[in-house]
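The values are calculated or read from the model by the stated rules, or taken from the named source; none is laboratory data. As the structure is a computational prediction, the values presented were derived from the model and not from experiment. Every residue, glycine among them, receives a Cβ derived from its backbone with ideal geometry; neighbour counts consider all protein chains shown. Accessible surface is based on the protein model in full, side chains and every heavy atom, while ligands, DNA and RNA are left aside. Shrake-Rupley method; radii C 1.70, N 1.55, O 1.52, S 1.80 Å.
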Amino acid sequence: MRTSINSLEQSGSRRAFLKSALLFAGSVPLLAADGTLPGPAMVKSASAITLKHTQEIAFGPYGGAELFFADIDGDGQTEILAYQGPAVFGSKLYRSWPHVAAAFPKSTCLSAFKKDGRRLWTFGEPNPTDRPYITHAHESCVATGDVNGDGVVEIALADGDRILLLDGPTGKLRAEVKMPEDNFYIVQILGEATKNTEAALVVKNGEGGYGQWKYGEPLVGINAAMQIVWGPKAIPGAGHHISALDLDEDGQKEYFIGYCMVKRSGEWKCLVDAIDPARVDASREHVDYVDILRRPLPEKCLFGFAGSNKAYLVRNDGRTLFVKPGKHVQSAALGRFRTDSEYQLAVYNDDGPMALYDTKGNELWSVPTQERWPLGMPKVCAGRVFHRNRPVLRLPLEKDYILYTDGGWPWAMDGDGRIGVEFAPPENSRQQEMVIPAKARADDMGYGFATKIVDWGGGVLTAVIYDRRFLWVFPLA
């Protein structure tokens, strides 16, 4: 699970303890020669690959705490959306905390760029560059798609007590919806024609709830006219992510939220037969992420759930293939990382270990993860927590690798749990020292990196690595 903000306020992580207690003499990081933090050794494969970047984009003051990738102007090319704002820290549940208030952003801002780095437009005012701002759980604040069937892509921006609908090509405000509370920061667009009583987009809370609402609740449906048409309602295990796809093969998309299929009408059904939806603990058993592997008949789709205290592998018909408890199951990735079974499920527990399971649920290995800072770790990160949503994903090269990004510079494991892929770090990836509040997590203040796999044009998949300042393009073919 994404560790709840409240629990992080009370105590640090194992990683933070190890950093502060074991890894430093004075204030100088004792990094190994390859830039890794000391700890349980990882083996590097003799056939490890090093990828090099072919493009660098400098965003200047318009860079985002999170980037989103979509064709927003109908030219058939991928554009980049850069989000600035508090995300879940915008709720009054958290914004009064001293370390949040000390670095609270002055504005919410969204900027669009072409993939050559040209800025198309900016909605809102960018934050000052003379000090970093704090943000958390920003991975789902933005969604793209055709909301009203006019053939033009819209952009939904979840901003706590309001949902903004922007015109994709121009960034101009089309509509604004006031929400019942100030903690709505996770949004998804269906992208199909809908009736007036149906949800063309949904938005939900992703952290602590008000009143009767539990962690991650509630969910609200909004129609194409930007009117609330159903909700608020609770969805079991709703967590931090929403997908839109056809889950019941009726030719129409549904929303995939937590363990459940949510129809555009607001009706929902649990898709995991190993779960009693009435007994799901919203705080301890919510879904942080679900990875989807499309398969030939009879399975069609497999779902790998990172369910906070357990990992689940589930068929699209609801049959649970196996369940694996974990100390803090934060992310999962499905792929063919080795050849001795058809596919495997990689499961990442926050701060490690990473474990790999075969199709029958046999554990193939469990290994520690490692922060790697090849250009040096900023001293201010000493003892700081890194905690990013979706820190692992499938890296598709000539075979699949397990890509890891949760503190430090990204790298990938092979199917034997060895370091199999490295990314040559550009000089501008060296992150500078900044003054940040004592209790703030490092990645909430802009340290560390994120990685996504993006179609960079012509169906060519690319790994993009980014922080708030730069984006680097690493071709995979």
Being open to solvent by less than 40 Å² (accessible area, probe 1.4 Å) and touching a residue at least 40 places away in the same chain (Cβ under 8 Å) is the filter here, so list the residues in the range 211-233 that pass it.
Tyr215, Gly216, Glu217, Leu219, Val220, Gly221, Ile222, Ala224, Met226
Checking the conditions here, which among Lys204, Lys195 is of a type in the set (Lys, Arg), out of contact with any His (no Cβ under 6 Å at 6 or more places or on another chain), at pLDDT 95 or above and buried (at least 23 other Cβ atoms within 10 Å of the Cβ)?
Lys204
If you scan the range 243-297, which residues turn out to be open to solvent by 20 Å² or more (accessible area, probe 1.4 Å) and on the phi > 0 side of the Ramachandran plot?
Glu249, Gly251
Restricting attention to the range 448-472, report how many residues are among the hydroxyl-bearing types (Ser, Thr, Tyr), closer than 22 Å to Ala103 by Cα and open to solvent by 10 Å² or more (accessible area, probe 1.4 Å).
0
Consider only pairs whose beta carbons are under 7 Å apart and that are at least six residues apart or on different chains; among these, list those whose first residue lies in the range 276-289 and is aromatic (Phe, Trp, Tyr) and whose second residue is open to solvent by 60 Å² or more (accessible area, probe 1.4 Å).
Tyr289/Arg390
Which one of these is over 19 Å from Phe123 (Cβ atoms), among the acidic types (Asp, Glu), in contact with a Gly (Cβ under 8 Å, 6 or more places away or on another chain) and surrounded by fewer than 20 Cβ atoms within 10 Å (Cβ to Cβ): Asp150, Asp182?
Asp182
Members of the range 164-179 found to be closer than 19 Å to Ala70 by Cα, open to solvent by less than 30 Å² (accessible area, probe 1.4 Å) and part of a strand (DSSP E or B), listed by number
Leu164, Leu165, Leu166, Asp167
Return the residues of the range 359-397 that are in contact (Cβ under 8 Å) with a residue 60 or more places away in the chain, open to solvent by 50 Å² or more (accessible area, probe 1.4 Å) and touching a strand residue (DSSP E or B) at 6+ places or on another chain (Cβ under 6 Å); say none if nothing qualifies.
Arg390, Arg394
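I'd like to check something: does the range 334-341 contain any residue that is surrounded by 24 or more Cβ atoms within 10 Å (Cβ to Cβ), touching a strand residue (DSSP E or B) at 6+ places or on another chain (Cβ under 8 Å) and of a type in the set (Gly, Ala, Ser)?
Taking the range 334-341 as the starting set, the residues that turn out to be surrounded by 24 or more Cβ atoms within 10 Å (Cβ to Cβ) are 337.
Remaining after also requiring touching a strand residue (DSSP E or B) at 6+ places or on another chain (Cβ under 8 Å): 337.
Filter once more, so that each one left must be of a type in the set (Gly, Ala, Ser): none.
Scanning the range 334-341, I find no residue that is surrounded by 24 or more Cβ atoms within 10 Å (Cβ to Cβ), touching a strand residue (DSSP E or B) at 6+ places or on another chain (Cβ under 8 Å) and of a type in the set (Gly, Ala, Ser), so the answer is no.
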Residue check for Arg279: closer than 17 Å to Asn205 by Cα and of a type in the set (D, E, K, R)
no
Based on this model, can you work out whether Asp406 counts as part of a loop (DSSP other than H, G, I, E, B) and closer than 30 Å to Arg430 by Cβ?
yes
Based on this model, can you work out whether Phe59 counts as of a type in the set (Phe, Trp, Tyr) and open to solvent by 40 Å² or more (accessible area, probe 1.4 Å)?
no
